[in-house]
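The values are calculated or read from the model by the stated rules, or taken from the named source; none is laboratory data. Everything numeric here is computed off the predicted structure, so don't read it as measured data. In this analysis, Cβ positions are derived from the backbone assuming ideal geometry, glycine residues included, and neighbour counts consider all displayed protein chains.
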Amino acid sequence: MKKLLFLSVAVLFAFTMSAQKIGVKAGYGMSGYLVNYYTPDGSVMSMAFNAGIVAELDLKIIGIRADVTFNQLGSDYDSRNDSEEDREGYIAYDYEYEYKQSINYMNIGVSVKKGIGPAYVFVGPYFGYALKGNQTSKITPGTGDVQEWTDDIFSVPNEDLDFTQPFSDDNNLGGSDELYNKIDFGANFGVGASFSGIFVEANVGMGFMNFINIDYDGNNGTAQAYTDFKAGKVTKDDKNVAMTDDLTQKNIFFGLSVGYMFGF
């Protein structure tokens, strides 16, 4: 994977050397997951920052655009926003649970661009690699102290977790090792307008890669859920199933950015 990432950067660098315009951009956006059969009502899209470098080559009829973007993706969840059905377990044990998942991607994209006056549209594939992923969790019990901690979702699970002690930054489940995929590949579509080098654009991206590794056989309850599904004990309509071989969870994100293009 590191070789593929290096190759992508090398190709992009070669393109940049022949580009007629190079620019910078920064903006804000929201992201979440496309889940094929069930998303808790308490899940909402996460708001985050993005920034990148853009290079363009004008071929008269169309343009070729390449970019490297630092993109913060993820999702938020709060059990208090869930339906009463989904909150049954939280209500029974008298606590609320919320988390914010934040994943830093480096996305490399190549698009075809078509301009109509100052306006333009672009569409093309992108390759993404997760540089880092954190989840900040918070448990608010009906009585007692609030527990809040952050863990690396790509790390190896913590085998020394002490369940007799409150969760904290030093005492948590840790990551899920191979449960989450770091690779993403998808399509990006955008519209924009430019005036004297300044451009404003909006884009939407959708990943084709499954963020969940369905072959994962670790802890966190997913292995048992998978076994139960295979044995016919549950169906894909059962909301208690953590993971089945039908599950897909893919990135989706929307962005709004402002930038400046330098011509040569």
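Of ILE139, ILE91, ILE103, which residue is out of contact with any Phe, Trp or Tyr (no Cβ under 8 Å at 6 or more places or on another chain), buried (at least 17 other Cβ atoms within 10 Å of the Cβ) and within 24 Å of PHE167 (Cβ to Cβ)? Steps first, please.
Values: ILE139 fails: out of contact with any Phe, Trp or Tyr (no Cβ under 8 Å at 6 or more places or on another chain); ILE91 fails: buried (at least 17 other Cβ atoms within 10 Å of the Cβ).
Of the residues listed, the single one that is out of contact with any Phe, Trp or Tyr (no Cβ under 8 Å at 6 or more places or on another chain), buried (at least 17 other Cβ atoms within 10 Å of the Cβ) and within 24 Å of PHE167 (Cβ to Cβ) is ILE103.
Does segment 155-170 contain any residue that is closer than 17 Å to SER75 by Cα and modelled with pLDDT of 80 or more? Outline the logic, then answer.
Of the residues in segment 155-170, the ones closer than 17 Å to SER75 by Cα are none.
Looking through segment 155-170, none of the residues is closer than 17 Å to SER75 by Cα and modelled with pLDDT of 80 or more.
Of all residues in segment 131-180, exactly one satisfies the criterion of being under 14 Å from the mean Cα position of the chain (by Cα), touching a residue at least 40 places away in the same chain (Cβ under 8 Å) and not in a strand (DSSP E or B), namely ILE153.
Here VAL146, VAL121, VAL156 are screened, and the one residue that is among the aliphatic types (A, V, I, L, M) and within 21 Å of ILE212 (Cα to Cα) is VAL156. Within the set VAL121, VAL110, the sole residue that is within 23 Å of the chain's Cα centre (by Cα), modelled with pLDDT of 90 or more and not aromatic (Phe, Trp, Tyr) turns out to be VAL110.
Restricting segment 77-97 to residues that are at pLDDT 85 or above and more than 8 Å from GLY42 (Cα to Cα), the residue that is farthest from the chain's Cα centre (by Cα) is ASP94. Contact annotation: residue pairs with Cβ atoms under 6 Å, 6 or more positions apart or on different chains, pairing a residue in segment 48-68 that is surrounded by fewer than 22 Cβ atoms within 10 Å (Cβ to Cβ) with a partner that is acidic (Asp, Glu) and assigned to a strand (DSSP E or B), are GLY52/ASP67; GLY63/GLU56.
Which of the residues that make up segment 69-88 are assigned to a helix (DSSP H, G or I) and surrounded by fewer than 15 Cβ atoms within 10 Å (Cβ to Cβ)?
So in segment 69-88, the residues assigned to a helix (DSSP H, G or I) come out as 79-81, 88.
Passing the criteria: ARG80, GLU88.
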